[in-house]
Amino acid sequence: MAKRIDLRSDTVTTPTDEMRQAMANAEVGDDVYGEDPTVNHLEALAAEMLGKESALFVTSGTQGNQVAIATLAGRGEEVIAEAESHIFFYEAAAVAAIAGAQIRQVKGARGVLQPADVQAAIRKLDVHQPRTAAISLENTHNRAGGTVTPLAVLQEIAQVAHAHQVAVHMDGARLFNAAVASGHSVKEICAHVDTVQFCLSKGLAAPVGSLLAGSNAFIAQARQWRKRLGGGLRQVGVLAAPGILALTKMVDRLADDHANARLLAEHLVEMRGVAVDMETVETNIIIADIADSGVDVEAFLADLGQAGVLATAFGPTQVRFVTHKDVSREDILAAVDIIAQVMQSAQPIEEAGLSGG
Ligand code: TLP
């Protein structure tokens, strides 16, 4: 059987052989006592790379974001986040459920929050209004198609926020993609935010885990929130070991994923009925809109899956493709042929008698 080309997400990446070896050989201890040397090494390495005082190993990107928000925002407070951000869209209302805060959705430009809009959304001190406790940025922005927040915008948002004593958190699940695509180091990017979460288990290919970074005082409080949420793990060096390799060996190769995404997007826009906003294709995510084809997204994805290419529905007419370590340039070219064939033979909704009219 032909290889399955899985473009659903970079979360599907499998650990390298070297990572598996490192897991087997990891030196471990009880991390709740602070005695796991491999976790301590990973946290110190991450803090150093990001230019923050401390870092904390957490189970997932969602846990990292939620620990951060719960630390920064309390019950009855407000967090400003981009309208389609992951913390709003995909974290099961955890900001409400855990921190007890509400999210103020602010629309960005291709996912990038604009400083003037952030300024306008910050609440005044008034008995009727919640305190604005934090601003959460997403870089790269998933639902916008992997867009990168320019450094100048980050800097301006930080100025606006800090002038009002509001903290800035960055959901940097794909922070390293932002760094590789922009040519700025993660340290330069993180200099403008107070707290940042990034994932080891996406393009960097570690099996599990994220890091949350910030000041010593923030991380001390975050550590307690992690404990509350059941994220205080024991001999977790077996998971930190591949994370160290993710940071030391897997960053530069993200450029290949970006080149593959570009290649795929260039072919997709040539297909009839498929639209891609090429300006958003900066990293490893492509959002294709198949509205003009008249083809039903779910039916299209089912046929595509049968033919060996997996992608995700990302809206009523949108499909998301994500490139990563486990798909090569050859796989992308093979996927292009398959997508074109499936698109050509797919029946528009009206012809298939599904229009209901
Ligand atoms: N995103 C996943 C899905 O949840 C949509 C994906 O396949 O892209 N922030 C951002 C920007 C993310 O894209 C994700 C995962 C997370 C946070 C959460 O990370 P995990 O899955 O580790 O909780």
**Report entry** Qualifying residues in segment 1-45 (those that are part of a loop (DSSP other than H, G, I, E, B), away from the ligand (no atom under 16 Å from the Cβ) and among the small types (Gly, Ala, Ser)) - the one surrounded by the most Cβ atoms within 10 Å (Cβ to Cβ)
**Finding:** Ala26
Report task. Provide a single number: the residues in segment 284-313 that are out of contact with any strand residue (DSSP E or B) (no Cβ under 8 Å at 6 or more places or on another chain) and within 16 Å of the ligand (Cβ to nearest atom). Result -> 0
Report summary line: Those residues of segment 99-110 which are in contact with a Lys or Arg (Cβ under 9 Å, 6 or more places away or on another chain) and either in a helix (DSSP H, G or I) or under 19 Å from Ala158 (Cα atoms) (or both) amount to Ala99, Arg104
Requested in this report: Might you let me know whether segment 171-194 holds any residue that is under 19 Å from Ala68 (Cβ atoms) and of a type in the set (Ser, Thr, Tyr)?
Outcome: no
Query raised in the report: So which residues in segment 47-97 are among the hydroxyl-bearing types (Ser, Thr, Tyr) and more than 10 Å from the ligand (Cβ to nearest atom)?
Result: Ser54, Thr71
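Checking the conditions here, which among Asp256, Asp171, Asp252 is at pLDDT 95 or above, within 21 Å of Arg320 (Cβ to Cβ) and surrounded by fewer than 23 Cβ atoms within 10 Å (Cβ to Cβ)?
Values: Asp171 fails: surrounded by fewer than 23 Cβ atoms within 10 Å (Cβ to Cβ); Asp252 fails: within 21 Å of Arg320 (Cβ to Cβ).
Exactly one residue qualifies, and that residue is Asp256.
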**Report entry** Test for Ser215: is it away from the ligand (no atom under 16 Å from the Cβ), of a type in the set (Ser, Thr, Tyr), modelled with pLDDT of 95 or more and in the same structural domain as Glu91 (by TED's automatic domain parsing)
**Finding:** yes
Query raised in the report: Can we say Arg226 is closer than 24 Å to Pro207 by Cβ, part of a loop (DSSP other than H, G, I, E, B) and either at pLDDT 95 or above or out of contact with any Cys (no Cβ under 6 Å at 6 or more places or on another chain) (or both)?
Result: no
Query raised in the report: Looking at segment 99-141, which of its residues are under 13 Å from Met170 (Cα atoms) and polar (S, T, N, Q)?
Result: Ser136, Asn139, Thr140
Report task. Answer yes or no: is there a residue in segment 293-314 that is out of contact with any helix residue (DSSP H, G or I) (no Cβ under 8 Å at 6 or more places or on another chain), without any contact (Cβ under 8 Å) to a residue 24 or more places away in the chain and among the small types (Gly, Ala, Ser). Result -> yes
Query - Neighbours by Cβ (under 6 Å, 6+ apart or cross-chain): first from segment 258-277, over 21 Å from Val148 (Cβ atoms) and touching a residue at least 40 places away in the same chain (Cβ under 8 Å); second among the hydrophobic types (A, V, I, L, M, F, W, C) and assigned to a helix (DSSP H, G or I) - result: His267/Val336; Met271/Ala340; Met271/Met343; Val274/Leu268
**Report entry** The lone exception for Ala116 - which of (1) of a type outside the set (Ser, Thr, Tyr); (2) within 17 Å of His164 (Cβ to Cβ); (3) touching a residue at least 12 places away in the same chain (Cβ under 8 Å) it fails
**Finding:** (3)
Query raised in the report: Only one of (1) more than 23 Å from Ala2 (Cβ to Cβ); (2) out of contact with any Pro (no Cβ under 8 Å at 6 or more places or on another chain); (3) modelled with pLDDT of 95 or more is not met by Val297, so which one is it?
Result: (2)
Query raised in the report: Within segment 46-92, which residues are among the aromatic types (Phe, Trp, Tyr) and either outside any loop (DSSP other than H, G, I, E, B) or modelled with pLDDT under 95 (or both)?
Result: Phe57, Phe88, Phe89
**Report entry** Yes/no for Arg110 being touching a Gly at 6+ places or on another chain (Cβ under 8 Å), more than 14 Å from the ligand (Cβ to nearest atom), assigned by TED's automatic domain parsing to the domain that holds Gly203 and modelled with pLDDT of 95 or more
**Finding:** yes
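Looking for whichever is buried (at least 20 other Cβ atoms within 10 Å of the Cβ) and assigned to a strand (DSSP E or B) here; the options are Leu204, Leu137. Which one fits?
Step by step, each of Leu204, Leu137 is checked, and only Leu137 is buried (at least 20 other Cβ atoms within 10 Å of the Cβ) and assigned to a strand (DSSP E or B).
The values are calculated or read from the model by the stated rules, or taken from the named source; none is laboratory data. Remember, predicted model here, so these are calculated numbers, not experimental data. Positions of Cβ are backbone-derived with ideal geometry, glycine not excepted, and every protein chain shown enters the neighbour counts.
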